[in-house]
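Data first, discussion second: the structure below is written as structure tokens.
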Amino acid sequence: MDKRTDKRDYYLDIADAVSERSTCLRRRYGAIIVRNDEIISTGYNGAPRGRRNCCDLGRCTREELCIPSGERYELCRSVHAEANAIISAARRDMLGGTLYLSGRDGKTGELLTDTTSCSMCRRLIINAGIERVVARIGEDDYRVTEVEEWTREEN
């Protein structure tokens, strides 16, 4: 019998496939929420419904202003992948679940080795009742974060 992909890689691969729908020119993220071995929802980063995407405009405001990654999110047109996944699910279905996250560079397509949720998404994840976040940080590497750690942080 062929070696099967383990569940963690399976879900991270799905999150990576979801990221292919991203409309961001800078970073492409995909997120899925899983509970009891069932995919509850998916999300990718892109402009709110009905608004034009950066890929359609051909420009990124944060890129034009040379804003470093992780700063000045209010200037970004996109709703983050984690937020879109949470928006698409009922809280009762997410309670105790796991969010899988994968990110790629918008220009090179390379996996991001520093994939993590921003502080705003962390707040959403906490309030959604998600218990852990598994972020892909390399082809065969990932980081597991217990959301309780974020709850204890004040910043």
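Going by Cα centres, segment 76-119 and segment 1-73 are how many Å apart?
So the two Cα centres are separated by 6 Å.
List the residues, sorted by chain then number, that are 5 or more residues from G106 or on another chain and whose placed amide H is less than 5 Å from its amide H.
The list, which skips near neighbours in sequence, is R27, R28.
Give me the angle, in degrees from 0 to 90, between the Cα long axis of helix 119-128 and the longest principal axis of the Cα atoms of the chain, rounded to the nearest 10.
40
Name the residues whose placed amide hydrogens come within less than 5 Å of the amide hydrogen of I40, ignoring near sequence neighbours (fewer than 5 apart) on the same chain.
For I40, whose amide H was placed from the backbone, the distant partners under 5 Å are I33, V34, R35.
Within the chain, which is the longest segment that contains none of the trypsin sites (Lys or Arg not before Pro) sitting in a DSSP loop with at most 12 other Cβ atoms within 10 Å?
Counting only loop sites that pass the neighbour cut-off, the longest clear stretch is 108-155.
Please report, as a whole percent, how much of the solvent-accessible surface of segment 50-142 comes from carbon and sulfur atoms (probe radius 1.4 Å).
Carbon and sulfur together cover 45 percent of it.
Dipole magnitude of segment 1-140 about its Cα centre, charges +1 at Lys/Arg Cβ and -1 at Asp/Glu Cβ only, in debye to the nearest 20?
560
Using a probe radius of 1.4 Å on heavy atoms only, what accessible surface per residue do you get for the chain? Whole Å² is fine.
On a per-residue basis, the chain sits at 60 Å².
Any idea which of V34, V18, A83 is furthest toward the positive side of the dipole for segment 1-106, if Lys and Arg beta-carbons carry +1 and Asp and Glu beta-carbons -1?
So the residue we want is A83.
How large is ³J(HN,Hα) for each residue in segment 74-82, as worked out from phi by the Karplus curve 6.51 cos²θ - 1.76 cosθ + 1.60 (θ = phi - 60°), to whole Hz, x for Gly and Pro?
Result, rounded to whole Hz: 5, 8, 7, 6, 7, 8, 5, 4, 4.
The values are calculated or read from the model by the stated rules, or taken from the named source; none is laboratory data. Bear in mind the structure is a predicted one, so any value in this text is a computation, not a measurement. In this analysis, Cβ positions are derived from the backbone assuming ideal geometry, glycine residues included, and neighbour counts consider all displayed protein chains. The protein model used for the area step is the full one, side chains on, heavy atoms only, and it has no ligands, DNA or RNA in it. Shrake-Rupley method; radii C 1.70, N 1.55, O 1.52, S 1.80 Å.
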